[in-house]
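To keep things clear, I will list the structure first and then write my remarks on it.
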Ligand SMILES: [Zn+2]
């Protein structure tokens with residue numbers, strides 16, 4: 001079968017690899033019908049040292065079950081299924097509390113030993129705990145939104161949960177990539193009254209507005225912090241969603257949270273420390289977050305997508321057409337640090 005393999009920075013090849021096949025009795029074999037490239041794929045794409053073995057790529061996919069091992073109970077041949085970005089058993093201490101990314105027996109797609117989602121088929125370990133059956137056909141119009149359940153929509157939702165978004169409150173979202181935009185959707189869904197998006201890409205800002213952002217801050221660094229303070233009567237946001245991961249974004253996030261507020265971080269940290277530790281201590285700011293247990297959120301978010309209450313797969317061109325952006329930003333080649341997870 002064909003699959004993508006990354007051998008180093010800027011070296012991604014589509015090549016023939018061994019066919020995916022059942023190994024364990026708890027496996028399912030899934031033929032991939034849709035897959036995504038994640039912002040987090042861009043980190044190795046820009047920086048991976050050359051490697052002769054190569055890494056299989058892709059952790060966001062939807063597909064049709066072709067075969068199941070004898071112990072699989074919840075999905076069967078012919079089912080259309082969505083896979084979260086990590087696989088898990090669904091039965092251990094952490095899965096039962098909804099933290100499937102800490103599953104005692106789970107793991108991550110791709111790499112050297114497992115299939116990735118960017119291929120024609122995937123061997124899915126622990127299929128009962130991992131896969132969720134979708135009640136639509138593989139070419140349904142809602143497919144772009146369903147694909148976001150594999151990662152970005154659940155991750156944005158996790159940021160909102162970690163940041164304790166509450167009805168009627170002020171939320172700020174740092175990062176206008178796919179996760180930040182899904183964070184806007186999640187904040188609105190949880191009832192936030194004002195949603196301040198920090199971003200500067202015109203097309204993404206158009207989407208953010210379509211998703212419910214009420215204010216846009218396109219300044220950077222201290223100017224951005226100052227602008228959010230102005231917008232919040234000098235107090236800061238109740239909840240801040242940090243959806244980038246590099247140090248400047250985290251510094252901004254902790255600086256725009258109000259005393260007693262919370263920062264939910266889901267951008268993969270590129271630094272080993274959290275900035276402004278003393279400032280956040282004296283302001284009683286909660287800092288939470290991590291890899292989203294996307295599997296826990298699929299069942300919660302799926303009905304909203306199927307009923308059209310949220311549309312995370314909305315096309316940027318459609319959003320731009322329906323709501324012209326008020327913050328035109330000249331095109332500029334983004335540097336690596338701006339690539340959002
Ligand atoms: Zn588990």
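For this structure, a couple of remarks:
- Meets criteria (within 24 Å of the chain's Cα centre (by Cα) and more than 16 Å from the ligand (Cβ to nearest atom)) for residue 51: no
- Here residue 212 fits the description: in contact with a helix residue (DSSP H, G or I) (Cβ under 8 Å, 6 or more places away or on another chain), surrounded by fewer than 23 Cβ atoms within 10 Å (Cβ to Cβ), on the phi > 0 side of the Ramachandran plot and at pLDDT 95 or above.
- Some residue of the stretch 113-135 being touching a residue at least 12 places away in the same chain (Cβ under 8 Å), within 16 Å of the ligand (Cβ to nearest atom) and either assigned by TED's automatic domain parsing to the domain that holds residue 219 or in a strand (DSSP E or B) (or both): yes
- Looking only at the stretch 75-100, and only at residues there that are closer than 28 Å to residue 2 by Cα and within 16 Å of the ligand (Cβ to nearest atom), the one that is farthest from the chain's Cα centre (by Cα): 89
- Residue that is farthest from the ligand (Cβ to nearest atom) [pool: residues in the stretch 101-112 that are part of a loop (DSSP other than H, G, I, E, B) and surrounded by fewer than 17 Cβ atoms within 10 Å (Cβ to Cβ)]: 112
- Selection status of residue 58, surrounded by 15 or more Cβ atoms within 10 Å (Cβ to Cβ), in a loop (DSSP other than H, G, I, E, B) and either more than 20 Å from the chain's Cα centre (by Cα) or outside the structural domain of residue 246 (by TED's automatic domain parsing) (or both): yes
- Restricting the stretch 16-27 to residues that are closer than 11 Å to residue 56 by Cβ and surrounded by 12 or more Cβ atoms within 10 Å (Cβ to Cβ), the residue that is nearest to the chain's Cα centre (by Cα) is 20.
- Residue within the stretch 155-169 that is crowded, with 24+ Cβ neighbours inside 10 Å and within 16 Å of the ligand (Cβ to nearest atom) present: no
The values are calculated or read from the model by the stated rules, or taken from the named source; none is laboratory data. Fair warning: this is a prediction, and the values are worked out from it, not measured in the lab. Virtual Cβ from ideal backbone geometry, glycine too; neighbours counted across all protein chains shown.
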